[in-house]
Amino acid sequence: MKVVYEAPKSQSFPIHKVYQIFQDYFRPRRKRAFMQLFPEVASGAPVVDIGGTAGWWKEDFPKGVDISIVNIDDDHREEVTHSGFKFYQTDGRRLPFSDKQFYLAFSNSVIEHVGDLHDQRRFAHEAMRCGRKLYLQTPNKWFPVEPHLMTAFIQWLPFKVSRRLLRYFSLWGLVAKPSQQQIDEFLRTTRLLSKRELKHIFPTAQIKEEKFLGMTKSFIVLIR
């Protein structure tokens with residue numbers, strides 16, 4: 001499972017400064033809405049964050065919350081455990097938890113990175129299996145700007161075309177200067193979803209739309 005694609009550390013910092021502008025706008029609003037939907041989390045109801053890190057939780061949530069973070073990347077273990085959360089290095093498509101073990105299965109901008117539609121179905125199944133409730137956020141395939149590349153329309157192009165354009169015609173390509181191998185890896189492991197596809201793989205969920213400039217930027221998938 002590929003959680004988030006990052007350019008090499010020496011090159012990635014400037015583009016993350018750009019990402020931060022949008023995160024600072026959307027994240028506080030998203031967190032407020034989240035806590036209104038699931039206030040039990042602040043009281044210690046157990047949560048599994050599939051593919052996340054400690055960062056989303058530690059800034060705003062009181063000590064004593066029960067957060068188990070799953071990530072295939074072991075680099076996050078020290079930060080997670082230092083913040084007082086549990087860490088499991090495992091694949092979000094094959095979770096080592098029992099059915100309905102958690103009050104909530106949570107995932108923020110991860111399902112688009114786990115592979116093809118078959119992999120995304122497996123990821124969705126595991127999230128719904130392990131959590132009695134579900135909160136999942138993911139970008140909208142049909143929003144004009146691809147959020148990882150900060151470039152318009154490139155996500156709609158065929159692989160053979162986008163792999164040639166991405167290096168010089170995307171903000172990520174110009175700032176991070178990825179190799180062709182890195183570009184191909186990103187394209188093969190990033191698959192944005194439409195609302196129709198989300199309804200198919202989360203048949204019992206409510207799909208809410210997160211708007212920006214009147215357009216649907218991303219989706220919130222809810223089971224309550």
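General observations
- Residues (of a type in the set (Gly, Ala, Ser) and assigned to a helix (DSSP H, G or I)) located in region 38-54: ALA42, SER43
- Search result, residues across region 143-159 that are in contact (Cβ under 8 Å) with a residue 24 or more places away in the chain and closer than 18 Å to HIS113 by Cβ: PHE143, GLU146, PRO147, HIS148, LEU149, MET150, GLN155, PHE159
- Within region 113-224, helices (runs of 4 or more DSSP H) holding 2 or more residues that are among the charged types (D, E, K, R) and over 21 Å from PHE38 (Cβ atoms): 117-130, 159-169, 180-189, 195-201
- Of residues in region 90-106 being free of Cβ contacts under 8 Å to residues at least 60 places away in the same chain and in contact with a helix residue (DSSP H, G or I) (Cβ under 6 Å, 6 or more places away or on another chain), the one surrounded by the most Cβ atoms within 10 Å (Cβ to Cβ): ALA105
- Of all residues in region 132-153, those being touching a strand residue (DSSP E or B) at 6+ places or on another chain (Cβ under 8 Å) and aliphatic (A, V, I, L, M) number 4.
- Candidates SER194, SER162 - the one that is crowded, with 17+ Cβ neighbours inside 10 Å, hydroxyl-bearing (Ser, Thr, Tyr) and touching a residue at least 24 places away in the same chain (Cβ under 8 Å): SER162
- Flag if ALA54 is within 19 Å of ILE223 (Cα to Cα), in contact with a strand residue (DSSP E or B) (Cβ under 9 Å, 6 or more places away or on another chain) and of a type outside the set (Asp, Glu): no
A quick yes/no check of all residues on (1) under 14 Å from the mean Cα position of the chain (by Cα); (2) at pLDDT below 90:
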site	(1), (2)
LYS86	no, no
LEU104	no, no
ASP116	no, no
PHE123	yes, no
GLU126	no, no
PRO139	yes, no
MET150	no, yes
ARG164	no, no
LEU171	no, yes
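- Of everything in region 56-80 that is surrounded by 14 or more Cβ atoms within 10 Å (Cβ to Cβ), free of Cβ contacts under 8 Å to residues at least 24 places away in the same chain and not acidic (Asp, Glu), the residue that is farthest from PHE97 (Cα to Cα) is PHE61.
- Restricting attention to region 198-216, the residues being touching a helix residue (DSSP H, G or I) at 6+ places or on another chain (Cβ under 8 Å) and modelled with pLDDT of 95 or more number 7.
The values are calculated or read from the model by the stated rules, or taken from the named source; none is laboratory data. Every value quoted in this text rests on a predicted model; they were computed, and no experiment measured them. For neighbour counting, all protein chains shown are included, and Cβ atoms are generated from backbone atoms with ideal geometry for every residue, glycine included.
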